[in-house]
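In what follows, a structure is listed as structure tokens, so that the remarks can point back to it.
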Amino acid sequence: MTAETFTVRMGVRSYELDPQLHVNGAVYVQYADHSCYACVQAAGISVEELIGSGIGPVNLETVIRYHNELRGGDEVDVSCVWVWGEGKTYRVEHVLRRADGEIAAEVTHVSGLMDLQTRRLVKDPVHEWRSRAKRPELLGLD
């Protein structure tokens with residue numbers, strides 16, 4: 001299963017810049033996380049209710065591939081595509097694209113849902129996400 005692409009636009013803020021005036025590397029991950037959170041909300045899922053039910057999303061691995069720099073004043077479109085396989089984990093892939101169309105970076109997470117009591121990954125994250133989503137197609141669960 002692969003999701004339709006969800007995208008959110010953000011503006012680069014001055015406090016996100018490093019001494020060379022590019023976006024600090026950690027901010028790319030924050031942009032990806034923001035896109036994922038916005039996608040989950042657009043799918044109709046309350047993260048507060050998810051956590052209240054005893055499970056929460058976790059990133060297990062994050063890879064950043066830089067292509068072109070982002071600088072102060074740039075606007076960036078950050079996509080969010082969920083890629084499902086078998087088992088306890090799934091991937092969430094993000095492309096960060098400048099307003100001029102150039103790809104600035106790609107951020108990929110290997111993620112899962114953690115049972116907050118046992119501190120173990122839930123066995124069927126597909127079921128947990130699908131059962132909560134009003135728009136499961138945004139999560140690749142149509």
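Okay, here's what the table says:
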read-out	value
Odd one out for Val92 among (1) of a type in the set (Val, Ile, Thr); (2) surrounded by fewer than 18 Cβ atoms within 10 Å (Cβ to Cβ); (3) in contact with a Cys (Cβ under 8 Å, 6 or more places away or on another chain)	(2)
Output for region 62-86, where each listed residue is over 12 Å from the mean Cα position of the chain (by Cα) and under 17 Å from Val126 (Cα atoms)	Trp84, Gly85, Glu86
Every pair of residues 6+ apart whose Cβ atoms lie under 6 Å, when the first sits in region 104-125 and is closer than 13 Å to Tyr90 by Cβ while the second is of a type in the set (A, V, I, L, M, F, W, C) and assigned to a loop (DSSP other than H, G, I, E, B)	Leu113/Val122
Residue that is surrounded by the most Cβ atoms within 10 Å (Cβ to Cβ) [pool: residues in region 95-129 that are under 15 Å from Val58 (Cβ atoms) and acidic (Asp, Glu)]	Glu128
Region 1-13: number of residues that are at pLDDT 95 or above, not in a loop (DSSP other than H, G, I, E, B) and not basic (Lys, Arg)	5
Residue match in region 62-80 (condition: crowded, with 19+ Cβ neighbours inside 10 Å, outside any loop (DSSP other than H, G, I, E, B) and of a type in the set (Val, Ile, Thr))	yes
Checking Thr118 against (1) hydroxyl-bearing (Ser, Thr, Tyr); (2) part of a strand (DSSP E or B); (3) more than 14 Å from the chain's Cα centre (by Cα), the condition it does not meet	(2)
Test result for Glu137, assigned to a helix (DSSP H, G or I) and surrounded by fewer than 16 Cβ atoms within 10 Å (Cβ to Cβ)	yes
Tyr28 being more than 13 Å from the chain's Cα centre (by Cα) and part of a helix (DSSP H, G or I)	no
Verdict on Val27 being of a type in the set (A, V, I, L, M), in contact with a helix residue (DSSP H, G or I) (Cβ under 8 Å, 6 or more places away or on another chain) and more than 30 Å from Asp124 (Cβ to Cβ)	yes
Qualifying residue in region 40-61 (condition: charged (D, E, K, R), farther than 18 Å from Lys134 by Cα and not in a helix (DSSP H, G or I))	yes
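The values are calculated or read from the model by the stated rules, or taken from the named source; none is laboratory data. Just so it is clear, the structure is predicted and the values come from calculations on it, not from any experiment. No Cβ is skipped: glycine too gets one built from the backbone with ideal geometry, and neighbour counts run over all protein chains shown.
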